[in-house]
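A short write-up of the structure that comes next.
The values are calculated or read from the model by the stated rules, or taken from the named source; none is laboratory data. Because the structure is a prediction, the values reported are computed rather than measured. Cβ atoms come from the backbone with ideal geometry, glycine included; neighbour counts cover every protein chain shown.
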Amino acid sequence: MKNWIEDYIQQFKSAIDSVSPDDVAEWIEIFRKAHQQKRRIFVFGNGGSASNCSHFVCDLGKGSSICMGSPFRCLTLNDNIAWMTAIANDFAYEDVFVRQLLNQGEPGDLVLSLSVSGNSPNCVKAIEWAKANGLTVLALTGGKNNRMAELADKVIQIDSSHYGRVEDTQMMVAHLICYAFMEKADLLKKS
């Protein structure tokens, strides 16, 4: 068991090391501009990635907003179970995010989608709509050669296909973004 734990930790470190600090800094700037311009930020994913989306939006909407002195206009599209199940029932599960964006998304808004595979049909469909309608799209994925990475304006691709390690690393990236605004708010307000 100890060897398995040590191996997991070592491979997790490799996943973390595949994330470029320059890419994260670029994303922080994208979020800073969205905040400054009062753009809406839509975040979505499935399963463990959905949980990471909820955690990210909680941190961004509360802690980061407080420290910046004004709110991030952020929403996770996977938290309204009634709306998601109505869409899935009346249309298809692959429409659960795109149909919410149809109601709320506007050109200039920001989309962030998290996925381990990068090929989730509901995330891909929402990203395609967002791109076609003038929203900026960020994708945080694992694996290689995935559709979300091909479509996104900016992508951070974690070099792993292991669900646990990719989701662990997704949360690290999410925390880096949120804590930049919590711990470096004075610097980011001046930019």
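Below is a table of values for the structure above.
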item	result
Among the candidates 127, 158, residue that is among the β-branched types (Val, Ile, Thr), over 21 Å from residue 25 (Cβ atoms) and crowded, with 24+ Cβ neighbours inside 10 Å	127
Given (1) in contact with a helix residue (DSSP H, G or I) (Cβ under 7 Å, 6 or more places away or on another chain); (2) without any contact (Cβ under 8 Å) to a residue 12 or more places away in the chain; (3) under 20 Å from residue 190 (Cβ atoms), index of the condition residue 36 fails	(1)
Residue 154 vs. criteria of a type in the set (Lys, Arg) and modelled with pLDDT under 95	no
Scan of segment 98-121 for residues that are closer than 22 Å to residue 35 by Cβ and either hydrophobic (A, V, I, L, M, F, W, C) or touching a Cys at 6+ places or on another chain (Cβ under 6 Å) (or both), ordered by number	101, 110, 111, 112, 113, 114
Answer residue from segment 98-107, given it is over 13 Å from residue 41 (Cα atoms) and either crowded, with 20+ Cβ neighbours inside 10 Å or hydroxyl-bearing (Ser, Thr, Tyr) (or both) and is nearest to the chain's Cα centre (by Cα) among those	98
Tally, over segment 7-55, of residues that are touching a Gly at 6+ places or on another chain (Cβ under 7 Å) and within 15 Å of residue 167 (Cα to Cα)	2
Residue among 187, 138 that alone is surrounded by fewer than 17 Cβ atoms within 10 Å (Cβ to Cβ) and either under 27 Å from residue 65 (Cβ atoms) or among the acidic types (Asp, Glu) (or both)	187
Residues (among the aliphatic types (A, V, I, L, M) and surrounded by fewer than 20 Cβ atoms within 10 Å (Cβ to Cβ)) located in segment 161-172	171, 172
Helices (runs of 4 or more DSSP H) completely within segment 81-191 that count 1 or more residues being of a type in the set (Phe, Trp, Tyr) and more than 18 Å from residue 19 (Cβ to Cβ)	81-90, 121-132, 163-183
Flag for residue 78 being in contact with a Gly (Cβ under 7 Å, 6 or more places away or on another chain), over 19 Å from residue 106 (Cβ atoms) and part of a helix (DSSP H, G or I)	no
